Every structure is written in C-alpha cells, then in structure tokens.
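Please read the structure below before turning to the comments.
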Amino acid sequence: MRFRVAVLPGDGIGPEVIAQATRVLAAAGRRFGHEFQLREGLIGGIAYDATGHPLPQATLDLCRSSDAVLLGAVGGPKWDKLPVHLRPEAGALLPLRKALDVYANLRPAVVFPALADASTLKREVVEGLDILVVRELTGGLYFGEKRREEIPGGQRAVDTMVYTTEEIRRVARRAFELARTRKKKLTSVDKANVLESSRLWREVVTELAKDYPDVELNHMLVDNCAMQLVRNPKQFDVILTENLFGDILSDQAAQLVGSLGMLPSASLGDGVGLYEPVHGSAPDIAGRQLANPIAAILSVALMLRYSFGLEEAALAVERAVAAVLEEGYRTADIMEPGRKQVGTTEMGRLIAEKVEKAA
Ligand code: IPM
Ligand code: MG
C-alpha cells in the first residue's frame, strides 16, 4: 500500500530525531512492502524565519492533503520574544492541532524491561508499567477565551475553561474504545469538586459508560491522580482527562518511564492523524548527537497502527526498540553504568536495521 506522510521536522532536535524516525519508517516499508511518500514542510521558528509565520498556509495544505503528519518539535529561545501569535508553540503547534481537529491525544507510557532501573522510582513500582493517557487536545483552557484588562493598581488576566457535551463525548468514546483493546479499565480524571466543566465531564463520561459495559470506569480527582501516579502507577490502564490536566499528568507519566526521550504521542480526530514525540525542541542539546530518537521512532509505530492500520509493522518497530535496548545500547538521557552509549544517528541506525532484518 501507498501512504502520504507530511514530515515537519521543526526546530532544535526536531530535525535530527525526525531523520531517524523516517529512516525507521522507510525500513518498515521495505520489510512489509509498503510505500511511504514523504513530503517535508516548514513549521515553528524555522518557518517563521523563512516565511514570517510559524505555521505557513503551505504547511497546513500539505498536512491536509496527507494521510498522516509526523512532527518533530518547535520553539527555542530565538523566538521567545515574538508576539504570542507568532511564537512557535502558540502560533504553530496549537493552531495545527486545532486545524486538524485532533481532539484525542494518546500518550502511552510503557516501561521497557531493559529500562526498569532508568526511572527515579523504585524498580518494583514501575516494572512492567503500561499505561495510556488520553488527553483532550482541542478544548479547555488552551482554547477558551483569553483577555487582559487594565484595573486600578494593575491588570486582570482571564483564561476560560470551556467544554461542551460533544467535545467531552467524542474524546471519551475514543478512550473507551482504546480501553476495550487493553485491560478494559478507564480512569476519568477531573476536578469535579471545584470546576463546573469537570462536573459536566463526569456526567457525560458516566452516561457514555452505559455503551461500554465491558469497560470498568472509575473517576478520580486530578490531585489524587498526580499522587497515585507516583505511589502506585500500575493501578492504571487508560487515563482520560482534559487538556491541561493531561499536559501535566503526561509529563509525570514520562518520568515513570525514565525519560521524556522515550515518550511518543498520537493525536487523532476523524481525519488526518498527527504524530509527535512528547519532548520539546531541547535547543541546548541540538546537533550534538545527544537527543534520544526513540520517542520519534515510537511515534512512527503509532502512525503505522492508528493511521494506516499496519499493526504488524507497528509491532515490528516497537520490538526493534525493545531489542536494541536489551542489547545494552543507550542514548545519553537513559545511559546507565555498564551500557553502551550511542548517538542519535547510531540509535536510529540500530533500530532501523532490526526492523528491516527481523525474521
Ligand atoms: C505538549 C507541550 C505543549 C502543550 C506546549 C509546547 C504548548 O507541552 O505537547 O505537551 O502544552 O500542549
Ligand atoms: Mg506538555
């Protein structure tokens, strides 16, 4: 089969991790007989420098005419002083998510057996961990009305958390469906003891649960969830939550795995899917062979699975990552005594080789 992939490397370590991710994608194509047609586009600071906007119309058109989008990372100190709407994060990343209407952001946190000691938490707490955070991605405080007002003695700043029944229902449906393919346990996280939007969230999720009698649903307040994630993370299977809570909890989940450099993501709506590592552009380590390409490579696995329905190829990529880690290869962020440290390119090469050659 033939698939069109829009590739947006972006800023900082984005290009170097994406180069390894596309190398692995090509290897999967050769092994399983699929053709991935890659078309590159500009996004972020590099796009601003070249065109005057961090999300050029040409990039949006490219994404909309593709079967999936692979994104590196955006942002860096060079563009931090621009007006908000031209900054890579607020001017490109958030509008891209909105434009593609990718309302369900999947952030799996899986502890690879070889990395059970890489977390700052005890081995027994994280060993075998496999959780999936489903974060609502196109609503809530990120997209609600914002404003500033002058008041005597200073200013007043307002952000609004808005959710409609339908916005909650569509992401919750995704989470229930995903839970069905896993351990059939869904924890919906909110702040229903304080926030009205959370009370609506809880009502909608509870109502929807009737359609999924095979999935065990429980509700948890977000502060408690933050605590439970470090106390006993293995109690969770799928965590469903709104945009800001999901932003925070997914970084926390990343630390259970040992490094943000290991965490992939898939952002899904009803059209084109967007795949990106959870980590940022890390300008401080860019170009030094220190970046871990595994988050980007695992994002390719998610693309194969969710956008292209190529489960076998997705598993081949995930198994190749596990095998290379088993052999003791590590990038700087997950290096431990007695292991073999390799650079970004070498890690990508080792994984691609395994994907292509595995029996
Ligand atoms: C993420 C990031 C973004 C977010 C930032 C860069 C706007 O933290 O993808 O988690 O908050 O969504
Ligand atoms: Mg974040």
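The values are calculated or read from the model by the stated rules, or taken from the named source; none is laboratory data. The model shown is predicted, which means the values in this text are computed figures rather than measured ones. So basically every Cβ, Gly included, is an ideal-geometry build from the backbone, and we count neighbours across all protein chains shown. The area values use the complete protein model at the heavy-atom level, side chains included, leaving out ligands, DNA and RNA. Shrake-Rupley method; radii C 1.70, N 1.55, O 1.52, S 1.80 Å.
Before moving on, here are some points about what is shown:
- In region 46-65, residue farthest from PHE3 (Cα to Cα) [restricted to those that are open to solvent by 20 Å² or more (accessible area, probe 1.4 Å) and in contact (Cβ under 8 Å) with a residue 40 or more places away in the chain]: TYR48
- Close pairs from region 274-295: first in the same structural domain as THR59 (by TED's automatic domain parsing) and at pLDDT 95 or above, partner of a type in the set (Asp, Glu) and open to solvent by less than 10 Å² (accessible area, probe 1.4 Å), Cβ under 6 Å, at least 6 apart: SER281/ASP11
- Residue satisfying condition, being open to solvent by 20 Å² or more (accessible area, probe 1.4 Å), of a type outside the set (A, V, I, L, M) and over 24 Å from ARG2 (Cα atoms), within set ARG349, ARG339: ARG339
- Only a single criterion out of (1) under 23 Å from ALA175 (Cα atoms); (2) more than 15 Å from ligand 2 (Cβ to nearest atom); (3) open to solvent by 20 Å² or more (accessible area, probe 1.4 Å) is not satisfied by ALA301, namely (3).
- When region 207-231 is filtered for residues that are more than 16 Å from LYS191 (Cβ to Cβ) and open to solvent by 50 Å² or more (accessible area, probe 1.4 Å), the ones remaining, listed by number, are GLU207, LYS210, ASP211, PRO213, ASP214, GLU216, VAL230, ARG231.
- Any hit, region 84-94, residues being within 27 Å of PHE176 (Cα to Cα), among the hydrophobic types (A, V, I, L, M, F, W, C) and not assigned by TED's automatic domain parsing to the domain that holds ARG174: yes
- The one condition in (1) in the same structural domain as GLY271 (by TED's automatic domain parsing); (2) within 25 Å of VAL17 (Cβ to Cβ); (3) away from ligand 2 (no atom under 16 Å from the Cβ); (4) not in a loop (DSSP other than H, G, I, E, B) that ALA114 fails to fulfil: (1)
Condition check ((1) charged (D, E, K, R); (2) surrounded by 21 or more Cβ atoms within 10 Å (Cβ to Cβ); (3) assigned to a helix (DSSP H, G or I); (4) not assigned by TED's automatic domain parsing to the domain that holds ASP211) across all residues:
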site	(1), (2), (3), (4)
MET161	no, no, no, no
GLU166	yes, no, yes, no
PHE176	no, yes, yes, no
THR187	no, yes, no, no
ASN193	no, no, no, no
SER198	no, yes, yes, no
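- Options ALA90, ALA68, ALA28: the member that is under 30 Å from VAL238 (Cβ atoms) and surrounded by fewer than 21 Cβ atoms within 10 Å (Cβ to Cβ): ALA90
Condition check ((1) away from ligand 1 (no atom under 12 Å from the Cβ); (2) more than 18 Å from GLY44 (Cα to Cα)) across all residues:
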| residue | (1), (2) |
| --- | --- |
| PHE245 | no, yes |
| LEU249 | no, yes |
| ALA253 | no, yes |
| VAL257 | yes, yes |
| LEU260 | no, yes |
| LEU268 | yes, yes |
| GLU276 | no, no |
| SER281 | no, no |
| ALA286 | yes, no |
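- Among residues of region 185-207 that are in contact (Cβ under 8 Å) with a residue 24 or more places away in the chain and of a type in the set (Ser, Thr, Tyr), those with a Cβ under 6 angstrom from a residue that is open to solvent by less than 80 Å² (accessible area, probe 1.4 Å) and in a helix (DSSP H, G or I), sequence gap 6+ or separate chain, pair up as SER188/VAL205.
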